[in-house]
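J.: To start, I am sharing the structure in question, which I have written as structure tokens.
Bear in mind that the values in this text are calculations on the coordinates, not laboratory data. All values reported here derive from a predicted model rather than from experimental measurement. Here the Cβ positions follow ideal geometry from the backbone for every residue, glycine too, while neighbour counts run over all protein chains shown.
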Amino acid sequence: MLDRIVKIDKELLVFLNNLGNEHWDSFWLFITNQFNWAPVFLLVLFLIVKSFGWKRGGIIILSMIILVAFSDQFANFIKNGTERLRPNNDPEINKRLRTLIRPGSFSFMSGHATTSTFFTVYTILLLRRKYKYIYLLLLFPLIFSYSRIYLGVHFPLDIIMGITVGTILGNLYFLLYKKIDKTYFA
């Protein structure tokens, strides 16, 4: 059963990855770089300070820095534990892929998908009562994560699991935040 799922995962990646073409390559290379999303991060920081003030907002921003560091390390822990080869390093399919970058680390699960979803879910939970369009932020992890498939460096299951784990962690982190916030800012 697991072998069949892995085979489908590989074939789906080859199909999706080969939908790309040279005209879009520079766009997806831009999208996959987290630093190019700085305007989104700055907007989130602005909305948090505007919504919660400097003191409480500063604590929330600090919690977001911890969130990103934890998420990154957690994803690396899972990657190093599972040791699934990245598609660009998988001899079974790497010749059939359009690979624009060649990371050497392991693939499962996507740190891009995990961290961006974790950050976004937490942000949405914090700001959903204040800004009705905050759910548009969900485009960030979806587009950011898909860039990894386009570039041939993650399998679809790596992305799906990263989004799933990021969603769970975002919700748990928000529950922790609510307890701490209630204790110190009630």
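J.: What's the angle, to the nearest 10 degrees (0 to 90), between helix 2-17's Cα axis and the longest principal axis of the chain?
T.: The helix 2-17 is inclined about 90 degrees to the chain.
J.: How far apart, in nm, are the 7 Å Cα→Cβ label points at W24 and F185?
T.: Once both label points are built, they end up 4.0 nm from each other.
J.: Give, as a single signed number, the net charge of other residues whose beta carbon lies under 12 Å from the beta carbon of W28, with Lys and Arg counted +1 and Asp and Glu -1.
T.: 0
J.: Convert each backbone phi in the range 96-109 into a coupling constant with the Karplus relation 6.51 cos²θ - 1.76 cosθ + 1.60 (shift: θ = phi - 60°), then list the ³J(HN,Hα) values in order as whole Hz, x for Gly and Pro.
T.: Karplus values, whole Hz, x for Gly and Pro: 9, 9, 8, 10, 9, 9, 9, x, x, 6, 7, 9, 8, 10.
J.: Do you know the Lys pair count in the range 1-114 for C-alpha distances under 24 Å, with sequence separation 8 or more or different chains?
T.: Counting lysine pairs in the range 1-114 gives 5.
J.: Continuing with the same structure: Would you mind checking the tilt of helix 38-82 against the longest principal axis of the Cα atoms of the chain, expressed as 0 to 90 degrees and rounded to 10?
T.: It is inclined by approximately 40 degrees.
J.: If you count, for each residue, the other Cβ atoms within 10 Å and average over each peptide, how do 20-28, 47-55, 118-126 line up from highest to lowest?
T.: Highest to lowest by the protection proxy: 118-126, 47-55, 20-28.
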